[in-house]
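Bear in mind these aren't lab numbers, they're just calculated from the coordinates by the rules spelled out. None of the values given here were measured: they were computed from a predicted structure. Every residue, glycine among them, receives a Cβ derived from its backbone with ideal geometry; neighbour counts consider all protein chains shown.
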Amino acid sequence: MPTENDPLDPEPGQAVYTPGILAVYNTAVLRISQPLAWGCPSRRILDLYDRHVSANHLDIGIGTGYFLNRCTYPVERPELTLLDMNPNSLRVAAGRLRRYSPATKQGNVLEPVDLPEESFGSVGMNCLMHCLPGEFTDKAAVFENVKPLMKPGAWLFGSTVLGALPDQNLLGKAILHSYNRKGIWSNYTDDLDGLNKALSQHFDVFDVTMVGKSALFRAQR
Ligand SMILES: C[S@@+](CC[C@H](N)C(=O)[O-])C[C@H]1O[C@@H](n2cnc3c(N)ncnc32)[C@H](O)[C@@H]1O
């Protein structure tokens, strides 16, 4: 059970997503900081969704539902399941995606997830890993918890900002400092080697593509 000031407490990484923050999230994060601070336009992440999303998709750390709202599905009526610790994120995203009647589940992905095993053809987790507490050795629990939910051959994919990379620009440095100080992000020590090791512990097939300071990763069960 996490205690106050516990470095592995997941609360600060999700509690920030109030209705007010979610109302400005797409503009502030996806249209401004994603390209300007991290050098990774949201279009690159949408490409990742377009290439890997399936007819039966689980999305973890859903935020506003921006990518699931814009991506191209292989079928007209995909089955979507949204998992998030934060009820505001679930409400906002489910509202935006209501044309797909998504299922929602509130839960912490650092713990085993109570969803049917081998039931998802794809799993997205975009901009989630940098919100999770600890280091990649701790965050690897996510891959352990999600892998059993994936059908054989399913892809898991997403991006995460690597805070340990050199040459962050001024905006990037300001965001990293502010968010890590408040516990909204815990990614000061996140680097490519750590992400590769965490993926390799659970998947034989995976790759990571760097776009600016964002690592775009995918792994196949
Ligand atoms: C930065 S937002 C990402 C939103 C969206 N995926 C995107 O790319 O725009 C992070 C989301 O992850 C959720 N989250 C943070 N920690 C979590 C955890 N331990 N388990 C499940 N969801 C979590 C937050 O509530 C929030 O909705």
Have a look at Val24, Val29 and point out the one that is β-branched (Val, Ile, Thr), part of a helix (DSSP H, G or I) and either in contact (Cβ under 8 Å) with a residue 24 or more places away in the chain or more than 22 Å from Gly183 (Cβ to Cβ) (or both). Val29
Step by step: first the residues of region 32-59, then only those that are of a type in the set (A, V, I, L, M) and part of a helix (DSSP H, G or I), then the one that is surrounded by the most Cβ atoms within 10 Å (Cβ to Cβ). Which residue is that? Ile45
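If I filter region 60-79 for residues that are within 25 Å of Phe120 (Cβ to Cβ), outside any helix (DSSP H, G or I) and touching a Lys or Arg at 6+ places or on another chain (Cβ under 8 Å), do I get at least one hit?
So far as region 60-79 goes, yes, one or more of its residues are within 25 Å of Phe120 (Cβ to Cβ), outside any helix (DSSP H, G or I) and touching a Lys or Arg at 6+ places or on another chain (Cβ under 8 Å).
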Quick one: would you say Ala37 is touching a residue at least 24 places away in the same chain (Cβ under 8 Å), more than 12 Å from the ligand (Cβ to nearest atom) and touching a helix residue (DSSP H, G or I) at 6+ places or on another chain (Cβ under 6 Å)? yes
When region 189-217 is checked residue by residue, the ones that are touching a Cys at 6+ places or on another chain (Cβ under 6 Å) and small (Gly, Ala, Ser) are Gly212, Ser214
Can you list residue pairs whose Cβ atoms sit under 6 Å apart, with the first residue in region 202-221 being β-branched (Val, Ile, Thr) and the second being buried (at least 16 other Cβ atoms within 10 Å of the Cβ) and in a strand (DSSP E or B)? Count only pairs 6 or more apart in sequence or on different chains. Val205/Gln220; Val208/Ala215; Val208/Phe217; Thr209/Leu216
Of all residues making up region 185-202, the number that are part of a loop (DSSP other than H, G, I, E, B) and surrounded by fewer than 19 Cβ atoms within 10 Å (Cβ to Cβ): 3
When you scan region 88-139, how many residues do you find that are within 9 Å of the ligand (Cβ to nearest atom) and without any contact (Cβ under 8 Å) to a residue 24 or more places away in the chain? 1
